[in-house]
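Novice: One structure, pasted below without further comment.
The values are calculated or read from the model by the stated rules, or taken from the named source; none is laboratory data. Remember, predicted model here, so these are calculated numbers, not experimental data. Quick reminder, even Gly has a Cβ in these numbers, built from the backbone with ideal geometry, and neighbours come from all protein chains shown.
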Amino acid sequence: MNPKVIVCTGGIGSGKTAVTTAFESLGYPVYNCDERAKQLYDEDAVLLADIVNVVGKDILKDGKLDKAALAGKIFNNRDYLQRIEQLVHPAVIKDFENWKARQDSALVIFETALYFEKKNLHSLSDYVILMTAPENVRVQRVVERDGISESQVRQRMSNQLPDGEKMAKADWVITTDDRHPVLPQILKIIDKITDNGKNRS
């Protein structure tokens, strides 16, 4: 079986977890790109060695990646950030393809915050769903979840494409404003894919 891939994406605080949890409850496997990238730092020795070659050995602690040290290196250094992304993204794509090959499902979910911003991920998707919510709702969610200030949340948002731009590129949009239930929106999308026969291998 070669599953079709639904990318679930959205900016910070947009409700991706609620949507992917609902997909999981329906029996569809979910690959969390951002979480797996963090795990690959520890699992992929070649990737870690390549990262050390870029930014230096002081990002290691007891032979493992010190994620805070790496974040400190790339936070204000766009060259480092781009070079690290050029290493991490191919590793994630390879890991995802291996994971997808093991799934016994007609559809799998690829969750990532920055799908539209990262062009090398575009080849992975058959369908793209954008999660969206009013900005004040998103800000409040992240303040409560991460324990950071509103200004810090808005700073992170400024590094992501605006929803209006992403909506034009998505196949579907799911509203996660806490007033529109998520599950019926997901079921409607699955019905459309199934009715078109596009998720049958």
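Novice: Starting from region 176-201, keep only residues that are of a type outside the set (D, E, K, R), then list their pairs with residues that are at pLDDT below 80 whose Cβ atoms are within a distance under 9 Å, requiring at least 6 positions of separation or different chains.
Specialist: I190/N199; I193/N199; T194/R200; S201/M1
Novice: Go through region 1-32 residue by residue and tally those that are over 11 Å from T112 (Cα atoms) and part of a loop (DSSP other than H, G, I, E, B).
Specialist: Residues in region 1-32 being over 11 Å from T112 (Cα atoms) and part of a loop (DSSP other than H, G, I, E, B): 10 in total.
Novice: Taking into account only those residues within region 113-135 that are within 17 Å of K4 (Cβ to Cβ) and among the hydroxyl-bearing types (S, T, Y), which is surrounded by the fewest Cβ atoms within 10 Å (Cβ to Cβ)?
Specialist: Across region 113-135, the extreme among qualifying residues is S123.
Novice: When the residues of region 150-168 are narrowed to those that are exposed (fewer than 11 other Cβ atoms within 10 Å of the Cβ) and free of Cβ contacts under 8 Å to residues at least 40 places away in the same chain, which ends up nearest to the chain's Cα centre (by Cα)?
Specialist: Restricting to residues being exposed (fewer than 11 other Cβ atoms within 10 Å of the Cβ) and free of Cβ contacts under 8 Å to residues at least 40 places away in the same chain, the top hit is N159.
Novice: Would you pick out the residues in region 169-183 that are loosely packed, with under 14 Cβ neighbours inside 10 Å and within 17 Å of the chain's Cα centre (by Cα)?
Specialist: K169
Novice: Still on this model: In region 33-100, which helices (runs of 4 or more DSSP H) lie fully inside it and hold 3 or more residues that are modelled with pLDDT of 90 or more?
Specialist: Values: elements: 33-43, 45-55, 67-74.
In region 33-100, 33-43, 45-55 are the helices (runs of 4 or more DSSP H) which contain 3 or more residues that are modelled with pLDDT of 90 or more.
Novice: I'd like the full set of residues that are among the aromatic types (F, W, Y) and touching a residue at least 24 places away in the same chain (Cβ under 8 Å), limited to region 44-85.
Specialist: Correct list: Y80 only.
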